[in-house]
């Protein structure tokens, strides 16, 4: 007999979660809100931020249209459709391009979210149901709130460097059969249909296909010709943060590079992020957020 007892972790109830236009402690939240921190995102060697969310937040489904390098996933909250992305308090469009009336909707929040450096993200909050009502009709499919890192006032200067290097391979792939297997399959099909297999290929021809040494009877492994084993992916990031009694700062630069298992595809991105804030006098602050890719 196995007795299992779950113990409550009181410390997590004091975590601060971004909710709408403010923050609350987990213990006081009554709506459906999920949150994830930067250190949890960095456990997954993902290139796009949406890919790093897969399997880490309840109520989220992710669908990937293809696996090209740098491509993310389409996030849906409770299968309701594309959510609204709010990055550092700025809401972005749920689509990209122009509407039927010709209005430019700008870059979509999902694409902008995927272009952020994972190391620059402080926390992500997922607002569901009534918790997203503060953003109106645009938030009918839920809201993804993203907060980037900033320095803390009175904090000593910190400098951090992180990175990883990995190799990519297919974990499960049905390899195509050889030419000899194809010919034998055709012959067995003819026999099962009640026809004479010798009218399609003779025994001598089958032997030549299985030997695969004569010209015109060789088999080509197109899987090995198209794909590559042990394809590299690497990431490196450096950031500095700190602050005085009246100002704080955060600077970072990162680079990610991903090759594809199928040849002729590659992706690389360099991110630069700067978050600055200063108090001019009591009751007035100025700040700037600069990001480049």
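The values are calculated or read from the model by the stated rules, or taken from the named source; none is laboratory data. Bear in mind the structure is a predicted one, so any value in this text is a computation, not a measurement. All Cβ positions, even for glycine, are placed from backbone atoms using ideal geometry, and neighbour counts span all protein chains on display.
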In the stretch 260-279, how many are surrounded by 18 or more Cβ atoms within 10 Å (Cβ to Cβ) and under 30 Å from residue 178 (Cα atoms)?
1
Filter the stretch 188-244 down to the residues that are surrounded by 13 or more Cβ atoms within 10 Å (Cβ to Cβ), under 28 Å from the mean Cα position of the chain (by Cα) and closer than 30 Å to residue 68 by Cβ and list them by number.
227, 228, 231, 233, 234, 235, 236, 237, 238, 239
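Of all residues in the stretch 209-227, how many are in contact with a helix residue (DSSP H, G or I) (Cβ under 7 Å, 6 or more places away or on another chain) and in a helix (DSSP H, G or I)?
Taking the stretch 209-227 as the starting set, the residues that turn out to be in contact with a helix residue (DSSP H, G or I) (Cβ under 7 Å, 6 or more places away or on another chain) are 209-210, 212, 214, 217, 219.
Now drop any that are not in a helix (DSSP H, G or I), which leaves 209-210.
Within the stretch 209-227, residues that are in contact with a helix residue (DSSP H, G or I) (Cβ under 7 Å, 6 or more places away or on another chain) and in a helix (DSSP H, G or I) number 2.
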Conditions first: (1) surrounded by 12 or more Cβ atoms within 10 Å (Cβ to Cβ); (2) in a loop (DSSP other than H, G, I, E, B); (3) touching a strand residue (DSSP E or B) at 6+ places or on another chain (Cβ under 9 Å); (4) free of Cβ contacts under 8 Å to residues at least 60 places away in the same chain. Residue 173 passes all but one, so which condition is the exception?
(1)
State yes or no: is residue 251 at pLDDT below 90 and within 45 Å of the chain's Cα centre (by Cα)?
no
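So which of 99, 147 ends up being within 30 Å of residue 160 (Cα to Cα), surrounded by fewer than 22 Cβ atoms within 10 Å (Cβ to Cβ) and either at pLDDT below 85 or within 23 Å of the chain's Cα centre (by Cα) (or both)?
Numbers: 99 fails: within 30 Å of residue 160 (Cα to Cα).
One residue alone meets the criteria, 147.
Restricting the search to the stretch 72-85, which residues are in a loop (DSSP other than H, G, I, E, B) and either buried (at least 21 other Cβ atoms within 10 Å of the Cβ) or touching a residue at least 24 places away in the same chain (Cβ under 8 Å) (or both)? Show your work before the answer.
Let us first name the residues in the stretch 72-85 that are in a loop (DSSP other than H, G, I, E, B), namely 72-73, 78-83.
Matches in the stretch 72-85: 72, 73, 78, 80, 81, 82, 83.
Suppose the filter is touching a strand residue (DSSP E or B) at 6+ places or on another chain (Cβ under 7 Å), more than 24 Å from residue 250 (Cβ to Cβ), crowded, with 22+ Cβ neighbours inside 10 Å and touching a residue at least 40 places away in the same chain (Cβ under 8 Å); does residue 127 pass it?
On the way: touching a strand residue (DSSP E or B) at 6+ places or on another chain (Cβ under 7 Å): yes; more than 24 Å from residue 250 (Cβ to Cβ): yes; crowded, with 22+ Cβ neighbours inside 10 Å: yes; touching a residue at least 40 places away in the same chain (Cβ under 8 Å): yes.
So residue 127 passes the test.
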Against the definition (surrounded by 11 or more Cβ atoms within 10 Å (Cβ to Cβ), in contact with a strand residue (DSSP E or B) (Cβ under 6 Å, 6 or more places away or on another chain), in a strand (DSSP E or B) and touching a residue at least 60 places away in the same chain (Cβ under 8 Å)), how does residue 162 come out, yes or no?
yes
Just one listed residue, out of 167, 187, 206, is in a strand (DSSP E or B) and not assigned by TED's automatic domain parsing to the domain that holds residue 62, and it is 167
